[in-house]
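Below is one structure, written out as structure tokens, with a few remarks after it.
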Amino acid sequence: MELRTVNPTAQGPSSNFTGTVYVTPIHSGTEPSRLTVALVRFPPGAHTNWHRHAVGQTLHVTEGVGLVGTRDGSVVRVRAGDTVVCPPDEEHWHGAAADTFMSHLALLEGKPDGGDPTTWLEPLPDDDYRQANG
């Protein structure tokens with residue numbers, strides 16, 4: 001058993017997020033594990049750019065209400081306790097609803113070659129975010 005103390009929280013890079021987003025790394029696996037886990041906190045209105053993950057991503061909502069959208073226009077409203085599984089290479093975005101905070105655990109696997117499993121794409125247009133909020 002190994003106790004790991006809390007890692008420092010950092011602000012997510014503005015190149016990947018709209019609004020101020022905070023990321024607290026929880027775990028980064030060592031071979032043979034490639035599991036990465038982070039607690040991500042989104043204030044109202046904050047969200048990711050479009051992106052995809054080589055081996056997929058699982059999001060487990062721990063607090064608040066959020067949105068997860070895909071390129072086909074599907075958007076799901078998520079609440080604390082909900083889990084969303086994004087398959088490998090599915091382009092998606094996620095973040096808080098316009099009027100509430102949302103936090104989630106982001107779980108993903110690194111690529112077998114050790115490269116970055118996330119490909120960041122363009123920002124979500126403001127009109128698309130407003131429409132997703134209904």
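FYI, it's all coordinate maths here, none of it is from the lab. All values derive from a computational prediction rather than experimental measurement. As a convention, Cβ positions derive from the backbone with ideal geometry for all residues, glycine included, and neighbour counts pool all protein chains shown.
Pairs of alpha-carbon atoms within less than 8 angstrom and 6+ residues apart define the contacts here; what relative contact order does the chain have, in percent? Contact order relative to length: 28 percent. The distance separating the Cα centre of the range 98-128 from that of the range 19-62 comes to 6 Å.
Ordering 92, 51, 27 from the fewest to the most neighbouring beta carbons within 10 Å gives 27, 51, 92. In terms of overall dimensions, the range 1-60 has a Cα radius of gyration and Dmax of 13.2, 39 angstrom. With the convex hull constructed from alpha-carbon coordinates only, the chain shows a mean projected area of 8.3 nm² over all directions.
When trypsin sites (Lys or Arg not before Pro) are flagged only if DSSP places them in a loop and at most 16 other Cβ atoms lie within 10 Å, the longest unflagged stretch of the chain comes out as 72-134. Put in order of Cβ neighbour count within 10 Å, fewest first, the listed residues 101, 17 become 101, 17.
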